[in-house]
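**Q** Okay, handing you the structure first.
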Amino acid sequence: MEKAMRDAALPSLPCMAHTLQLVVSEGVLSQRSISDIISSGRRIVGHFKHSQLAYSRLHDIQKQLGQTTKRLQQDVPTRWNSSLYMLQSLLEQKLSLSAYAADYELPCSFTSNQWKLIENMTSLLAPFEELTQQISSSSATAADVIPSIKALTRLLEKTADSDHGVKTSKTTLLEAVRRRFADIGSENLYVVATIMDPRYKDRYFPDHLKPHLRDVLRDVVAALPGHSTEQPISLEACGSKSPQKKKSAASSLQAMFAELVDENEELRAEESPLTSQINLYLSEPLTPYSGQPLAYWQANKERFPALAEVARAYLCTPCTSVDSERLFSTAAHVVDEKRNRLTSKNAEMLIFIKKNLPFMLEN
């Protein structure tokens with residue numbers, strides 16, 4: 001996918017889900033105490049996975065304790081959240097596993113301190129799992145990156161009751177998030193996409209940067225095909241002149257009031273239509289977080305025509321490769337099914353097109 005973007009000369013962004021995988025792996029899962037727990041968890045799950053008799057005994061214990069019969073979750077090393085699911089399933093079956101270990105042999109078991117560490121670690125990683133699920137949806141875009149990382153950073157900076165035993169892990173996670181996502185604020189694709197999302201706009205940027213964001217937005221509009229930098233519309237261009245200020249005595253306070261009002265009116269009269277669009281759009285309240293950004297722009301494209309074009313260009317950018325991978329998987333499945341139904345004639349046509357297509361394009 002990266003090669004396809006390079007060959008097409010299109011801007012490319014890193015996969016946010018993969019970056020979160022690196023953050024959690026480096027920040028938590030690589031720590032000795034946590035890696036030992038995960039390794040022990042895999043052995044426990046493997047014990048039941050490879051023995052139907054063991055699972056049958058565990059299910060009997062679950063029924064005796066009044067619990068729903070469930071199978072333990074196996075993790076996949078390439079997906080950090082699968083390790084979280086495994087720990088959650090073990091924690092959920094803590095009582096059943098303890099009862100099983102009293103009568104039958106397990107390859108290993110957890111101490112009381114380890115059980116507490118599992119509980120606190122699952123609480124610490126829960127926001128990462130929630131964020132991973134959100135950005136893996138087909139509607140997630142590059143606009144979600146800056147607000148999500150801001151919110152995640154703010155959450156990790158706060159103290160909680162469940163921090164006992166995982167304070168070092170929490171600090172390491174916070175440092176990893178800051179390091180891995182340090183450049184998102186300087187990437188214009190992220191910045192413009194965030195501003196054009198009516199759920200976020202400029203609310204996730206510091207106040208001293210907001211004037212600069214308006215300049216960036218004006219430059220983006222000017223770079224779109226068919227657009228150029230708009231000249232300010234003054235009162236003279238409209239066939240009228242601003243009223244001349246009457247000379248007043250320096251001691252006249254009322255004259256100063258009138259002079260300040262006149263200066264403000266002149267500045268507003270020189271405001272370009274694009275600047276008016278930007279200021280009006282950013283001054284309006286945010287839409288609900290559950291809203292659909294593209295639906296907003298479909299409804300407001302007549303009010304903000306120039307900004308609607310920017311939104312169309314920037315809000316189509318996904319923040320992960322998850323949906324692209326799903327598309328490739330689906331396409332491969334379709335090709336495999338169709339390939340079995342190819343007739344000899346259709347196969348010859350495909351081979352002919354493949355060999356001759358470069359010559360056809362040259363002509």
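The values are calculated or read from the model by the stated rules, or taken from the named source; none is laboratory data. These numbers were taken from a predicted model, which means no experiment stands behind them. No Cβ is skipped: glycine too gets one built from the backbone with ideal geometry, and neighbour counts run over all protein chains shown. With ligands, DNA and RNA removed, areas are computed over all heavy atoms of the protein, side chains included. Shrake-Rupley method; radii C 1.70, N 1.55, O 1.52, S 1.80 Å.
**Q** Can you pull out every residue in the range 1-25 that is among the acidic types (Asp, Glu) and under 20 Å from the mean Cα position of the chain (by Cα)?
**A** Taking the range 1-25 and keeping what is among the acidic types (Asp, Glu), we get 2, 7.
Scanning the range 1-25 gives a single hit, GLU2.
**Q** Please tell me if ASP207 is out of contact with any Pro (no Cβ under 8 Å at 6 or more places or on another chain) and either closer than 18 Å to LEU22 by Cβ or acidic (Asp, Glu) (or both). Spell out the reasoning first.
**A** On the way: out of contact with any Pro (no Cβ under 8 Å at 6 or more places or on another chain): yes; either closer than 18 Å to LEU22 by Cβ or acidic (Asp, Glu) (or both): yes.
Spelling it out, ASP207 is indeed out of contact with any Pro (no Cβ under 8 Å at 6 or more places or on another chain) and either closer than 18 Å to LEU22 by Cβ or acidic (Asp, Glu) (or both).
**Q** Of the conditions (1) exposed (fewer than 10 other Cβ atoms within 10 Å of the Cβ); (2) modelled with pLDDT of 90 or more, LEU286 satisfies every one except a single condition; which number is it?
**A** With respect to (1) exposed (fewer than 10 other Cβ atoms within 10 Å of the Cβ); (2) modelled with pLDDT of 90 or more, LEU286 is out only on (1).
Results for (1) modelled with pLDDT under 90; (2) in a helix (DSSP H, G or I); (3) not aromatic (Phe, Trp, Tyr), shown as yes or no for each residue.
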site: SER162; (1), (2), (3): yes, yes, yes
site: ALA193; (1), (2), (3): no, yes, yes
site: LYS201; (1), (2), (3): no, no, yes
site: HIS208; (1), (2), (3): no, yes, yes
site: PRO211; (1), (2), (3): no, yes, yes
site: ARG214; (1), (2), (3): no, yes, yes
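**Q** Show me the helices (runs of 4 or more DSSP H) found entirely inside the range 45-125 where at least 3 residues are closer than 30 Å to VAL23 by Cα and open to solvent by 20 Å² or more (accessible area, probe 1.4 Å).
**A** Hits in the range 45-125: 80-92.
**Q** Quick one: how many residues across the range 170-195 are surrounded by fewer than 16 Cβ atoms within 10 Å (Cβ to Cβ) and either in contact (Cβ under 8 Å) with a residue 24 or more places away in the chain or not β-branched (Val, Ile, Thr) (or both)? Spell out how you get there, then give the answer.
**A** First, pick out the residues of the range 170-195 that are surrounded by fewer than 16 Cβ atoms within 10 Å (Cβ to Cβ): 171, 175, 178-179, 182-183, 186, 188.
Filter again for either in contact (Cβ under 8 Å) with a residue 24 or more places away in the chain or not β-branched (Val, Ile, Thr) (or both), leaving 175, 178-179, 182-183, 186, 188.
Going through the range 170-195 one residue at a time, the tally reaches 7.
**Q** Something else: Can you spot a residue in the range 323-333 that is at pLDDT below 90, open to solvent by 70 Å² or more (accessible area, probe 1.4 Å) and over 26 Å from the mean Cα position of the chain (by Cα)?
**A** Of all residues in the range 323-333, those at pLDDT below 90 come to 323-333.
Then drop every residue that is not open to solvent by 70 Å² or more (accessible area, probe 1.4 Å), which leaves 325-330, 333.
Filter once more, keeping what is over 26 Å from the mean Cα position of the chain (by Cα): 333.
For the range 323-333, residues at pLDDT below 90, open to solvent by 70 Å² or more (accessible area, probe 1.4 Å) and over 26 Å from the mean Cα position of the chain (by Cα): present.
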